[in-house]
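The values are calculated or read from the model by the stated rules, or taken from the named source; none is laboratory data. Note that the coordinates shown come from a computational prediction; the quantities given were computed from them, not determined experimentally. Cβ: placed from backbone, ideal geometry, glycine included. Neighbour counts: every protein chain shown. When the accessible area is computed, the model is the full protein with side chains, heavy atoms only, and any ligands, DNA or RNA have been set aside. Shrake-Rupley method; radii C 1.70, N 1.55, O 1.52, S 1.80 Å.
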Amino acid sequence: MPDNVTSLFRSTAAHSPSMAALTRESDGAGPVDFCIPCNPYFPTPAMFEEMAARLRDIITYYPSSADTITAELCSLLQLPPQCVAMGNGSTELITWIDHLLVRESLAVPVPTFGRWTDQPMETGKRVDMFPLQESSGFALDLAQYAEFIRARGTRVAVICNPNNPDGGFLHKHAVVQFMDAMADLDLVVIDESFLEFADAENEPSVVQEAMLRPNVIVLRSLGKNFGLHGIRFGYLVANPALAGRVRSMLPKWNLNSFAEHVVFMLKEHGAEYAQSLHQVRRDRMDMSGQLSSLPGLTVYPSQGNFLFVRLPVGAEGTVVRDRLLTEHRILVRECGNKIGSSSRFLRLVVRPQVDVRRLVTGLEQVLYGTSRRGAAVSEQATGTAYSSGTAAVDRLVSQTNGAGTRGLAQAAGAGMPLPAAASAPAVGPGGGMPVPAAAGLPQPEPQPVPQEAPRPQPAPQPVPQPVPVPQPQPQQFPQPAAYPEPAPRPAPAAPPLAPAAAFAAPAPAPAPMQVPPATGPTPPGVPARGGLTAAQVRGTDGLSMAPATGWPGAQSWPDAAGMGQAAG
């Protein structure tokens, strides 16, 4: 593959270049793909042959309406159609959720899927980012996240389960408790785009609980688990009022004919789909073991169809990415342009063993060997100049602790213009949750940061093995009653649902807990206590109903959460 292919990354702000673009710049054959997180085992070769035979009709004629396609999907999922809205990819649904349901502010843990930070910022909302800590394996503590939301007065909360890019997983009981603790928010979104690859719990999805709550949306992807990113289709599940509001705004033909064809052929291929998920989970374990054997490489536990890895000390991700692509025809996702991550991290999609062996060989040569290009890896100070600079985010958070743009400007350097904004007071006891220091970094007094100074790292240690799942413990969530609503608003009237007995019983309400002192909402554009707004990090002002118990028609279809087996 020619060297100039890596120039494609320079013009891609939030994602890697498309496979079509890479193929055009090469000799006609794309690289081995460890970047795009989709199922490598589905559809089966026979299904692709069937679609190829129907290609002329599929692309010649209009598809059916979205209502028709949604009704067929709901018959497989055993979900009431009035609680479902299908979109042209989950990003279309995220866009409409932002436009219709996010009024002023949104909280999201970072690093995460970029559209959850970028989309609301593009429409002038305040994005409150809760940094996941490397020292805790990027695990999300829901009780701390709830306190963070209360301290900021955020009106919408997002959870990705499993999270992208680290694959962190939250058990269902904890997610349900969080939803109930946040019952007074405008909206709670649970993004389950990768949940069908999880095996830590038999029934991890909260789709049934979402249908019974007035302010919860569950987002699901179809392209990822069906291995068909190019078709662009996903869906959301919510109570009829919320789902209907989104559905009413979608174009009549927002779903294409390929999406219709795939949805209608799924009921005949349940066994193959279930087997593909099982194989991905096995491959994830095997791939994690092989990567863990590489000296200095850290592999984080994941429940997605990808692994988040930290490169050895001295390795710069853009250099590793470019050399894997140009020298070994392997495409990986370097995570330097994800807020809360840095160029020292890669996200690697789970693939069959033969491809993993090729990846491991390539990493060995790039990280530890020598070649005609000289040093195996470049030090961070000599990496490519087109990285987005989010490696500095940890330094910004650590050194300013949300102290405002003066501290940010000092830490960020001349390359990151920041808006004028009032400083937030230092966080004290009872004054909100301070942002913890980034993993591996000391807590110095604020002072100018040397340009691209390597971050201190601990000595390489054996990769931590997945921790056994603890017994469910109640988390100490702040009670919503102690926090005033920013303004009274009428609740939307929901159409009548099926009898309550037709749904799963709602989770029991959390026990009374101690409530921290209430704080008012943070005005837009002002750095909130305990962290940074997304606009500050970007250097802008931020303005530019039956229970799902099985799949009918096939004995081996997974249930709506993608886990259990259907009854005959």
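The calculated FRET efficiency for Thr60 paired with Thr91, based on their beta-carbon distance and R0 = 35 Å, is about 0.85.
Glu92 contributes an accessible area of around 40 Å² to the protein surface, as traced by a 1.4 Å probe with all chains present.
Take the Cα of Arg357, step 7 Å toward its Cβ, do the same at Asp67, and the gap between the two points is 5.5 nm. Surface calculation, 1.4 Å probe, protein heavy atoms: His173 sits at approximately 80 Å² accessible. For the stretch 85-125, which whole percent of the accessible surface, found with a 1.4 angstrom probe, sits on carbon and sulfur atoms? Answer for the stretch 85-125 is 49 percent, counting heavy atoms of protein chains only. Here the dipole of the stretch 212-275 is about 340 debye; that uses its Cα centre as origin and unit charges on the Cβ of Lys and Arg (positive) and Asp and Glu (negative).
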